[in-house]
Amino acid sequence: MAILCYSTIAIVLALTGTFAELVVLSTLAIAALYIAGCAASWVLARRGVALSGTPLNFRFLGSATLIGISSMLALIALGSRQEIIGLATLIGLSILLYLIQARIALAKSH
């Protein structure tokens with residue numbers, strides 16, 4: 001489902017925009033995902049969660065997380081106001097769709 005959604009969005013954007021616009025949108029989206037990944041690695045390491053082997057744990061994990069998140073926020077801040085609003089809207093819609101899907105899945109399990 002994720003691949004289908006991603007490819008549909010990419011096709012629509014490719015047909016309606018320029019390559020430069022696609023690069024900016026891709027960069028902003030990847031920056032947002034990188035922020036989520038940095039935060040998740042820090043939280044999971046603090047909780048001791050690992051699927052195999054020992055959890056990610058090194059002395060400067062907190063500093064690396066802070067640098068990663070800060071640098072990606074700075075990258076996002078380089079976008080135009082319209083691009084940042086678009087990114088925030090996309091994130092908000094994604095959260096909304098996730099919550100709807102989770103509620104439907106919960107209702108089906110009962």
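The values are calculated or read from the model by the stated rules, or taken from the named source; none is laboratory data. Owing to the predicted nature of the structure, the values given are computational and were not obtained by experimental measurement. Using ideal geometry, Cβ is built from the backbone for each residue, glycine included, and neighbour counts are taken over all protein chains shown. Note: accessible area is taken over every heavy atom of the protein model, side chains too, but ligands, DNA and RNA are not part of it. Shrake-Rupley method; radii C 1.70, N 1.55, O 1.52, S 1.80 Å.
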Binned at 5 Å starting from 0, the alpha-carbon pair-distance distribution of the chain in whole percents comes out as 2, 10, 14, 17, 16, 16, 13, 8, 3, 0
Of every hundred units of 1.4 Å-probe accessible area on the range 25-69, the number belonging to carbon and sulfur atoms, as a percent, is 66
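Jot down the per residue volume, in cubic angstrom and as a whole number, of the convex hull over the alpha-carbon atoms of the range 50-110. Numbers along the way, then the final one.
Numbers: hull volume 7.2 nm³, N = 61.
Considering the Cα atoms of the range 50-110, their hull volume per residue is 118 Å³.
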Residues in the range 6-46, backbone N under 20 Å from the label point at Ser70 (7 Å along the Cα-to-beta-carbon vector): list them, ranges by number please.
-> 31-43
Chymotrypsin sites (Phe, Trp or Tyr not before Pro) within the range 39-86: DSSP coil, no more than 10 neighbouring Cβ in 10 Å | Phe58, Phe60
Solvent-accessible heavy-atom area per residue, rounded to whole Å², over the range 37-110 at 1.4 Å | 81
In the full protein assembly as shown, how much of Tyr98 is accessible to a 1.4 Å probe, in Å² to the nearest 10?
-> 140
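Using a Förster radius of 35 Å, what is the FRET efficiency between Thr27 and Thr54 based on their Cβ-Cβ separation? Nearest 0.05, please.
Working: r = 33 Å, r/R0 = 0.95.
Efficiency computed from Cβ-Cβ geometry: 0.55.
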